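Visitor: Encoded as structure tokens, here's the structure I'll be asking about.
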Amino acid sequence: MTKMRFRPMLYITLVNIIGFLMLFWFSENSDKTYIYTCLIICGINIVMYLLLYYLDYGDLYLFLTVSMLVSIGLITLCRLDIAHHSYDFGQKQILWFIIGIATYFITLIVFGKLTLWNKLKYVYMVLTFALIAATLLFGQVVNGSKNWIYIGSFSIQPSEFIKILFCLCISCFFSAIPPKDAIKKDKRARLYGIPLDEIIMLIYVYACMGSLALFQKEWGTALLLFLIYFTMCFIYKTNTVIKLVNFIIILLAVFMGTFLLSGHIGVRVSVWQDPWKDPSGSGYQIIQSLTAIASGGYFGVGIGNGMPQVIPFAESDFIFAAICEEMGMFTGFAIVLLYFILSYRGIKIAIKSANTYMKSVCLALVIAIGFQTFIIIGGVIKLIPLTGITLPFVSYGGSSMIASFIMIGIMSAAALHERKAKK
């Protein structure tokens, strides 16, 4: 049984060794940096796994899944460094990975020790709008969206942390909704027959979405927040009028975005419908993405044999296309399956959790990760219009990596609470 426990980490280590040895082989003058990188990544993964295993802390399955995703992402980013003759992405991502691991442990400890999180909904609201205001005041426009704050040589994407605060906040409201068998005993304050806290939550949700979409042009995050909220409305017994209002508003938003707006979202919808209308302009990104995926086939052209550098934003928005080109569509399928495993594990933790708030938070975070993955991969393969969000744990970016590890840390804390309750 013990051997079986360590076998998954052995496989992850082998993937790293094979991947980085190939990078070492194809790099100029056999750059030993990639050997050292491999040793660092394998060392961090093994030490982390042993700590979680022997201390019986956190959740092993979540960490194993995340380790595999991070490993694939780092191999791809280092491959992009070779293509660009630089160390811009891979080496910096290792630093963010280390910070992410530290953040994971801090989050796990803090959420594992304290139990007052369900009483801070108004604090979450204030922090959410503080981040939105800071972005509007100090942010810079990048690729049509005002979603980055630059502090010297560092950049922060507040929307990644807004997403977490949003999940924590709406979970305070959803966890207060009584179960279906006790709905008649619902004593919450009402306004015209609708629970007052559900009206407050509705206002909060659309204030967040409106600020992100209209002022920051951050349509991807706004869509993600709505999907989280709307899905949670159906998981919990929310008021029928609230569901109807949500449905009408989203229909109006889709209509306006598709037919009335000619700006940022209008261009993306037009490109999604036919990227060949402007192959060297607005359609260039998606055409290069589809071409790279098609050229890779099922097994890929091999690490070092592709041309991922011609894919725009291959380190962030289009990293899935770069992976499929050199590692094949089978690796792409494997990545999707890893996210399915991650979501399944998160849902299982939520179901087993006796704490109603942590149960709600885990569901919200799983929905966030699942829909974020669907939105970015769907955009890259032209299933849906492209939006500028990252692929969790795989894409380059410090904000994305740290925020993703915070989310996993919260879910691991819920699993830890459940294990402690059984002892």
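Visitor: Any idea which residue in the range 41-55 is nearest to Leu14 (Cα to Cα), counting only those that are buried (at least 17 other Cβ atoms within 10 Å of the Cβ) and not aromatic (Phe, Trp, Tyr)? Give the derivation first.
Guide: Taking the range 41-55 as the starting set, the residues that turn out to be buried (at least 17 other Cβ atoms within 10 Å of the Cβ) are 41-42, 45, 48-49, 52.
Imposing the further condition that a residue be not aromatic (Phe, Trp, Tyr) reduces the set to 41-42, 45, 48, 52.
Values: Ile41: 12, Cys42: 9, Asn45: 12, Met48: 17, Leu52: 20 Å.
Checked the range 41-55; the qualifying residue nearest to Leu14 (Cα to Cα) is Cys42.
Visitor: Now for a separate question. Taking the criterion of being buried (at least 18 other Cβ atoms within 10 Å of the Cβ), over 20 Å from the mean Cα position of the chain (by Cα), closer than 26 Å to Leu62 by Cβ and not hydrophobic (A, V, I, L, M, F, W, C), would at least one residue in the range 128-139 satisfy it?
Guide: No, the conditions are met nowhere in the range 128-139.
Visitor: In the range 126-137, is there at least one residue being of a type in the set (S, T, N, Q) and modelled with pLDDT under 90? Outline the logic, then answer.
Guide: As a first pass, look at the range 126-137 and keep what is of a type in the set (S, T, N, Q): 128, 135.
When the remaining residues are screened for being modelled with pLDDT under 90, the result is none.
Within the range 126-137 (the criterion being of a type in the set (S, T, N, Q) and modelled with pLDDT under 90), the answer is no, since none of the residues qualifies.
Visitor: While we're looking at this one, here's another question. Identify, please: which residue in the range 142-154 is in contact with a strand residue (DSSP E or B) (Cβ under 9 Å, 6 or more places away or on another chain) and within 26 Å of Tyr204 (Cβ to Cβ) and is, among those, surrounded by the most Cβ atoms within 10 Å (Cβ to Cβ)?
Guide: In this case the residue turns out to be Asn147.
Visitor: On to the next question. Among the numbered criteria (1) surrounded by 15 or more Cβ atoms within 10 Å (Cβ to Cβ); (2) assigned to a helix (DSSP H, G or I), which one does Gly58 miss?
Guide: In the conditions (1) surrounded by 15 or more Cβ atoms within 10 Å (Cβ to Cβ); (2) assigned to a helix (DSSP H, G or I), Gly58 misses (2) alone.
Visitor: Residues that are surrounded by fewer than 15 Cβ atoms within 10 Å (Cβ to Cβ), among the small types (Gly, Ala, Ser) and at pLDDT 90 or above: does the range 208-220 have at least one?
Guide: Looking through the range 208-220, none of the residues is surrounded by fewer than 15 Cβ atoms within 10 Å (Cβ to Cβ), among the small types (Gly, Ala, Ser) and at pLDDT 90 or above.
Visitor: Yes or no: Tyr87 modelled with pLDDT under 90, more than 21 Å from the chain's Cα centre (by Cα) and more than 23 Å from Cys167 (Cβ to Cβ)? First the steps, then the outcome.
Guide: On the way: modelled with pLDDT under 90: yes; more than 21 Å from the chain's Cα centre (by Cα): yes; more than 23 Å from Cys167 (Cβ to Cβ): yes.
Judged against the criteria, Tyr87 is a match.
The rows are residues; the columns are (1) touching a strand residue (DSSP E or B) at 6+ places or on another chain (Cβ under 8 Å); (2) part of a helix (DSSP H, G or I); (3) modelled with pLDDT of 95 or more; (4) not aromatic (Phe, Trp, Tyr).
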| position | (1), (2), (3), (4) |
| --- | --- |
| Val336 | no, yes, yes, yes |
| Phe340 | no, yes, yes, no |
| Tyr357 | no, yes, no, no |
| Val361 | no, yes, yes, yes |
| Ala364 | no, yes, yes, yes |
| Ile367 | no, yes, yes, yes |
| Ile384 | no, no, no, yes |
| Gly388 | yes, no, no, yes |
| Tyr396 | no, no, no, no |
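The values are calculated or read from the model by the stated rules, or taken from the named source; none is laboratory data. Since we're looking at a predicted model, the values are computed, not measured. Neighbour counts run over all protein chains shown; Cβ positions are idealised from the backbone, glycine included.
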